[in-house]
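**Q** Have a look at this one before I ask anything.
Where a number appears in this text, it was derived from the coordinates with a stated rule and is not lab data. Just so it is clear, the model here is predicted, and its values are computed rather than measured. Every residue, glycine among them, receives a Cβ derived from its backbone with ideal geometry; neighbour counts consider all protein chains shown.
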Amino acid sequence: MENIADYKEIVEVIKEQGGDAFKRCFQCGLCDTVCPWNKVITFSMRKIVREATFGMTDIEAEDIWRCTSCGKCPQRCPRDVRQIDSVIALRRVATEYMAFPSAVQPIRSIRASLLAEGNPLNEKREDRAAWAEGLGVKPFEQDMEILYFPGCYPSYDPRLKKVARATVEILKKAGVSFGILGKEENCCGESIRKTGDEEMFISLAKANIKTFIDHGVKRILVSSPHCYHTFKNEYPEFMVHFEIVHITQFLFELIEAGRLKIDGKFAKKITYHDPCYLGRHNGIYDEPREVLSRIDGLELVEMAETREDALCCGGGAGRIWMEVPKGERFSDIRLKQAVDAGAEELVTACPYCITNFEDSRITMEYDDVLKIKDITEVILEAIKETEETGEVNA
Ligand code: SF4
Ligand code: SF4
C-alpha cells in the first residue's frame, strides 16, 4: 500500500516527536523478544522503527496501532529508542489524514463522545455522578483533604461503578474528608492522546486543570493508573502541579497512619496483576502488595510474569476501544497465568485491566474458576467481614 503522507512529512513529524531517538536503533531486535504481541501474532517494533527512520511507514496499516504502550520494550532497549513516543508520532500523522484501519474505526465515535460529553463511553455528562447515588458523597470543597477523581469507567461502567463505590465506603470508614467534581469532571485524556489525538488531549487537560484551579484542588486521589500517569507526568506540561495519589498508595498511607483498620479475614489465595501504568510507567509495585499482605488469611501468590515483567492486559494506548479477535487477547493469557499460579482471585487496580479480565473470564468460561477484583473490593470485603461476624482478629 502506498503511503498517504510523503516521505519528508513522516520523517519531519517523527523528528519533532522524538525522531532522533529512532535513529539510535541498531536493529538488535530485543524489543520484539519482549513485546507481548509476539505471544499471539507476529509483530515487530524493530521493523516499525526501521521503516519510520526512512519515512517508509504505511500509516494505513494496523501495525502502528497495535502497541499498547505497555512499556516493556523501552525498559529493555539498549539504545533508549523511545518507541512509545515514536509510535504516537506516527499515529498523529495517521489521525491527521483520518487513516484508520477497520480495527481502529471506533476511535471516531470515541472522539465524538469525548467532545460532546467529556467521556469515551457515549454517556451523558449530567449522569457523571450517578454512581455515587445513596452514598452521601459531597461536591468537592477547598477545605477538604482530597479530591476523589474516579475517572470515566468507574463513573459509568456498571462493573467499574462498584469500584468507585467501594472506594467511597473505604474513605468513609477511614474518616477521610473528600469530595467529587461530578459533571465538572472530564476524561483525563491519557488514552486519546496515545491514539495520536493531541488536540483532544489538550482540550480535556485544559478543562480539567481549570476546574481543579477554580475549586482550589491540591491533592487528587485517582482509581485509574492512566489518570495517575497523565496528571502526574503529563499535566505538568501545562505548568501546573497537583499532588496525585493512586488508591493503592492512599490505602497504604491510611493503614500506616492507623486511620484504616482491616480487622476482618479474607481467607483466599489471590494474585496481584501490576497494571502497566502503575508498575512499569510509575514504579508502584510494593504498596499494593503491602496493602494486601496486611489482610489476615489472605495468601498472595505471584504469576509467571510479574512486577517489571508483568504481562499487559492489552488495554493501553487506546486499545481498550478497539476490537481484538479471540486468540489475540493478552488478557486471556493473563487469566491462564493466574489460574496456573493457583489463585482463586485475580486482583488488580486499573479499570482497563478489570474490563479486559472480566471479558476474558466470560469468553474463557472461567466463571467458576477465577474471580476478578479491584484491590478496593478486597479491602472492603475484609472490613465488612468483621462487621458481619463481629470477630476481630488479634
Ligand atoms: S530494542 Fe531498541 S535498539 Fe533494539 S531493535 Fe528495538 S528499538 Fe532498536
Ligand atoms: S510498548 Fe509494549 S506493546 Fe508497545 S511495542 Fe513495546 S513491548 Fe510491544
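**Q** How long is the range 82-237 along each principal axis, judged by its Cα atoms, biggest number first, in Å?
**A** Each principal axis gives a Cα extent; for the range 82-237 these are 50, 31, 25 Å.
**Q** A further question follows. Test of understanding: express the Cα radius of gyration of the range 215-256 as a ratio to 2.2 N^0.38 Å, with N the residue count. Mind dumping the intermediate values first?
**A** On the way: Rg = 10.9 Å, N = 42, 2.2 N^0.38 = 9.1 Å.
Normalised by 2.2 N^0.38 Å, the Cα Rg of the range 215-256 equals 1.20.
**Q** Could you calculate the contour length gain from residue 105 to residue 340, that is, 0.36 nm times the residue separation minus the distance between their Cα atoms, to one decimal place in nm?
**A** 81.0 nm
**Q** Something else: Sketch the reach of a paramagnetic label on residue 97 as a point 7 Å from Cα along Cα-to-Cβ, and name the residues of the range 27-71 whose backbone nitrogen lies under 14 Å away.
**A** 52, 55-65
**Q** How high is the FRET efficiency from residue 172 to residue 323, r the C-beta distance, R0 41 Å, rounded to 0.05?
**A** Taking R0 as 41 Å, the efficiency between residue 172 and residue 323 is 0.60.
**Q** If I model the range 136-186 as equal point scatterers sitting on the Cα atoms and use the Debye formula, what is log10 I(q)/I(0) at q = 0.13 Å⁻¹?
**A** Rounded to two decimals, the profile gives -0.28.
**Q** Here is a follow-up. Per DSSP H run of n ≥ 4, the term is -39500 (n - 2.57); total these for the chain, divide by its residue number, and report the mean residue ellipticity at 222 nm rounded to 500 deg cm²/dmol.
**A** Numbers: 18 runs with 169 residues, N = 394.
Only helices count here, giving -12500 deg cm²/dmol.
**Q** Moving on. Tell me the relative contact order for the chain as a rounded percent, counting alpha carbon contacts under 8 Å between residues six or more apart.
**A** Over the chain, the number comes to 16 percent.
**Q** Grab the beta carbon distance between residue 85 and residue 263, set R0 = 51 Å, and tell me the FRET efficiency rounded to 0.05.
**A** 0.65
**Q** Averaging over all projection directions, find the projected area of the Cα convex hull of the range 106-166 and quote it in nm² with one decimal place.
**A** One quarter of the hull surface, i.e. the mean projection, equals 4.9 nm².
**Q** Could I ask something else about it? In nm, to one decimal, how far is the residue 145 label point from the residue 358 one, both placed 7 Å along Cα→Cβ?
**A** Rounded to a tenth, the inter-label distance reads 2.8 nm.
**Q** Can I ask one more? Between residue 112 and residue 300, take the C-beta separation as r, use R0 = 45 Å, and let me know the FRET efficiency to the nearest 0.05.
**A** The computed FRET efficiency comes out at 0.60.
**Q** Would you compute the Debye intensity of the chain from its alpha-carbon atoms alone, equal scatterers and no solvent, and pass along log10 I(q)/I(0) at q = 0.08 Å⁻¹ to two decimals?
**A** -0.42
**Q** Starting from the Cα-Cα distance between residue 307 and residue 15, subtract it from 0.36 nm times their residue separation and give me the gain in nm to one decimal.
**A** 101.9 nm
**Q** At q = 0.13, 0.21 Å⁻¹, what is the base-10 log of I(q)/I(0) for the range 16-138 according to the Debye formula with one equal point scatterer per Cα and no solvent? Please give it to two decimals.
**A** -0.63, -1.15
**Q** Now for a separate question. Of the listed pairs 72/218; 47/373; 138/268; 72/261; 162/371; 47/336, which have alpha-carbon separations greater than 26 Å here?
**A** Details: 72/218 32 Å; 47/373 37 Å; 138/268 35 Å; 72/261 36 Å; 162/371 14 Å; 47/336 30 Å.
Pairs exceeding 26 Å: 72/218; 47/373; 138/268; 72/261; 47/336.
**Q** Next question. Just to be sure I understand the model, the point goes 7 Å from the Cα along the line to the Cβ. What's the resulting residue 50 to residue 243 distance in nm?
**A** Taking the two extended label points, one gets 5.0 nm.
**Q** Placing unit charges on C-beta atoms (Lys and Arg positive, Asp and Glu negative, everything else neutral), compute the dipole magnitude of the chain about its Cα centre in debye, rounded to 20.
**A** Computed charge dipole of the chain: roughly 480 debye.
**Q** Is the range 211-303 rounded, prolate or oblate when judged by the Cα gyration tensor, a ≥ b ≥ c being the square roots of its eigenvalues, rounded requiring a/c under 1.5 and prolate requiring a/b larger than b/c?
**A** oblate
**Q** Over the Cα atoms of the range 284-394, what is the Rg over Rh ratio if Rh follows Kirkwood?
**A** 1.00
**Q** Ranked from highest to lowest mean number of other Cβ atoms within 10 Å per residue, what is the order of the peptides 181-188, 237-244, 38-45? Working shown, then result.
**A** Numbers: 181-188: 21.9, 237-244: 13.2, 38-45: 15.1.
Taking the mean over residues of other Cβ atoms within 10 Å, the ranking is 181-188, 38-45, 237-244.
**Q** Sticking with this structure for a sec: For the range 76-143, what class follows from the C-alpha gyration tensor (a ≥ b ≥ c being the square roots of its eigenvalues): rounded when a/c is under 1.5, otherwise prolate if a/b is larger than b/c, else oblate?
**A** oblate
**Q** Just grab the label-to-label distance for residue 27 and residue 121, each label 7 Å out from Cα along the Cβ direction, in nm (one decimal).
**A** 4.7
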